[in-house]
Amino acid sequence: MTTDAELLAVAAEEARIGAEEGGIPIGAALFTRDGRLLGRGHNRRVQDGDASMHAETNAFRAAGRQRSYRDTVMVTTLSPCWYCSGLVKQFGIGRVIVGDDQSFLGGQHWLAEHGVEVTVVNDPALIATMGAFIHDHPDLWNEDIGEE
Ligand SMILES: [Zn+2]
């Protein structure tokens, strides 16, 4: 059986890849409940010039078509924004694992109210990575979360 930490490590590796590419260090992955990887990805706003390519979106698209999402788990290094929370709700993803909700708080409480199982890890390394990025790149960060 795969642990939450093992699932989160895949998302964290995606965040590192994104950072190495000069992008926003947020990673995500979609798994089945029993730990089979369906898709993984990272925020590609900078790399692709695409404001809609969030980490969760990238992982979701990489997973291709699934008959049902009820038994899938979206693992993300950062609390999912409203856009990605909408994706989770729209497709009925059953569970979300959040690596860090200290640097940013998206729609995770709303998801929990709508029956999604939400697990918050608050991994110190992820919080430190995101905090440093927000500190060093405030303009890029505000652009990513739609703040002016
Ligand atoms: Zn998002």
>> Could you check the stretch 26-66 and list, in sequence order, the residues that are crowded, with 16+ Cβ neighbours inside 10 Å and among the basic types (Lys, Arg)?
In response: Arg40, Arg44, Arg45
> If Glu6 passes every condition in (1) away from the ligand (no atom under 13 Å from the Cβ); (2) part of a helix (DSSP H, G or I); (3) farther than 19 Å from Glu117 by Cβ but one, which one does it miss?
Replying inline: (3)
>> Being over 16 Å from the mean Cα position of the chain (by Cα) and aliphatic (A, V, I, L, M) narrows it down to one residue among Ala125, Ala51, Ala132; which is it?
In response: Ala132
> What is the one condition in (1) surrounded by fewer than 20 Cβ atoms within 10 Å (Cβ to Cβ); (2) more than 22 Å from Arg36 (Cα to Cα); (3) more than 11 Å from the ligand (Cβ to nearest atom) that Leu126 does not satisfy?
Replying inline: (1)
> In the list Ala29, Ala51, which residue meets the criterion of being at pLDDT 95 or above and either touching a helix residue (DSSP H, G or I) at 6+ places or on another chain (Cβ under 8 Å) or within 26 Å of Gln102 (Cβ to Cβ) (or both)?
Replying inline: Ala29
> When you scan the stretch 18-40, how many residues do you find that are touching a strand residue (DSSP E or B) at 6+ places or on another chain (Cβ under 6 Å) and free of Cβ contacts under 8 Å to residues at least 40 places away in the same chain?
Replying inline: 5
> Do we find that Val96 is touching a residue at least 40 places away in the same chain (Cβ under 8 Å), away from the ligand (no atom under 11 Å from the Cβ) and either in a strand (DSSP E or B) or buried (at least 16 other Cβ atoms within 10 Å of the Cβ) (or both) in this structure?
Replying inline: no
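The values are calculated or read from the model by the stated rules, or taken from the named source; none is laboratory data. Here the structure is a predicted model, which is why all the values come from computation and not from measurement. Positions of Cβ are generated from backbone atoms using ideal geometry, with glycine treated the same way; all protein chains shown enter the neighbour counts.
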